[in-house]
Amino acid sequence: MALRLTPTSGAPGEASPSAALGNILPFRRSGAEADPPRRIHLSPPQLAGGEMQALEETLRSRWLAPAGPIPRAFEAAFAEASGFGEVLATSSGTAALHLGYRILGVTPGDEVWAPSLTFVATVSPAAQMGARITFLDVEPGSWTLDPDLLRDALAQAAREGRLPRVVVPVDLYGQCADLDAIVSACDRWGVPVLSDSAESLGAQGRGRAAGKGARLACFSFNGNKIITAGGGGALVSDDPRLITSARHFSMQAKESSPHYQHETLGYSYGFSSVLAAVGLVQLRALESRVAARRAVFARYVAGLADLPGISFMPEPAWGRSSRWLSVMLIDADRFGADREVVRGALEAVRIESRPVWKPLHLQPAFRGSRMIGGNVSIGLFERGLCLPSGAMEPGEQARVIEVIRRLARA
Ligand SMILES: *Cc1c(COP(=O)(O)O)cnc(C)c1O
């Protein structure tokens, strides 16, 4: 079968990932049933325009490996976009986190501290390395790691002689954690900070880019993130030694000798040139994506905030969220329907929405882990709903709003 790389339909910037698939993949829908209204996804991949040409040039160049000039060009562009001096592009955000844990020296039995309200990938590499995870609650003003709780818990841990190997704040749904306060609490005890900024490229905290000020930060270019390469990630730092070391581990820890000498063992975590070519084009759209996501959020607020029992993820005065996802809170008693009823009503008309992350200390996979605090995370999980937040056609977001409005207590 000949692969056709030029789509015959689908406008540039078309949000739906499925539009052109029929032309290039050997399968078709049966076609007998009438087309239902287009499904509205939570955060679908979006093309910036120019990806096709970049891919074609890359394929022609024969630079396909996770090495060479294209990943390097992506790293240079990402240094610019992220505000960090040193960048290692990786095969995923989770791989970047794994490398971060490795170069910070996490070993079995070490403690790793992270907020409970996050995606599992924040801590799964550390848990798989044998670390014990301690979860902490988030603060209600930003939904990110509570610096006061952290400061007290660190002092207590220091008294008990069990300080964590690393603290991992998470920039949640496009919102930066209060990194200055977190870093100063950790500096007091010499504990490094690895910022999981996978959801928050383009956001700012206290006037600085997401993650800036942490020893290390990681980002993701997965399909649902604000910038996608179809997969990929980055580990960044302002310390060149850390990124040099991470780069070594990311390429199987090969020493520079013709016979592949290995003093230690690494991983295959490089970023393919093919994906880097897509990522380079996508990065150029970052600023406009942030503006678009913030506009989506503002339209939800304008369309729903007057309803009883409805509120939205707050934005603290010191932060500027990218609003990667628009998140709404539903007080069931006042609104007249709970989060799951709203989610079900949206799903019934092909609109995807999702509960706020289930706190990790409630996940069976982390049974027995220590949790410090927890009421804020649990409350947000019970009431929080992530709404479609990517590019939507005019009228589509109005449809989402209309479905929710109809459920409100009269
Ligand atoms: C997406 C995400 C990751 C993982 O990134 P991948 O590229 O999917 O491996 C890590 N942490 C958080 C908070 C995320 O949302």
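The values are calculated or read from the model by the stated rules, or taken from the named source; none is laboratory data. Just so you know, these numbers come straight off a predicted model, no measurement behind them. Cβ atoms come from the backbone with ideal geometry, glycine included; neighbour counts cover every protein chain shown.
Going through (1) more than 27 Å from Val112 (Cα to Cα); (2) within 20 Å of the chain's Cα centre (by Cα) one by one, Ile310 falls short only on (2).
Filtered by the rule that a residue be under 17 Å from Glu287 (Cα atoms) and more than 10 Å from the ligand (Cβ to nearest atom), the range 212-241 gives Ile226, Ile227. Of the residues in the range 34-57, not one is under 25 Å from Thr264 (Cβ atoms), within 16 Å of the ligand (Cβ to nearest atom), in contact with a Gly (Cβ under 9 Å, 6 or more places away or on another chain) and part of a loop (DSSP other than H, G, I, E, B). Determine whether Leu97 is within 12 Å of the ligand (Cβ to nearest atom), closer than 16 Å to Ser245 by Cβ and either under 14 Å from the mean Cα position of the chain (by Cα) or in a strand (DSSP E or B) (or both). Yes; evaluated as a whole, the condition is true for this residue.
Does Val120 count as within 16 Å of the ligand (Cβ to nearest atom), surrounded by fewer than 18 Cβ atoms within 10 Å (Cβ to Cβ) and among the β-branched types (Val, Ile, Thr)? The answer is yes for Val120.
From the list Leu42, Leu99, Leu55, Leu47, which one is surrounded by 14 or more Cβ atoms within 10 Å (Cβ to Cβ) and more than 29 Å from Gly211 (Cα to Cα)?
Every option except Leu55 fails the conditions.
The condition (being in a helix (DSSP H, G or I), touching a residue at least 60 places away in the same chain (Cβ under 8 Å), in the same structural domain as Ala391 (by TED's automatic domain parsing) and within 21 Å of the chain's Cα centre (by Cα)) is satisfied by just one residue among Arg334, Arg293, Arg299, Arg323: Arg293.
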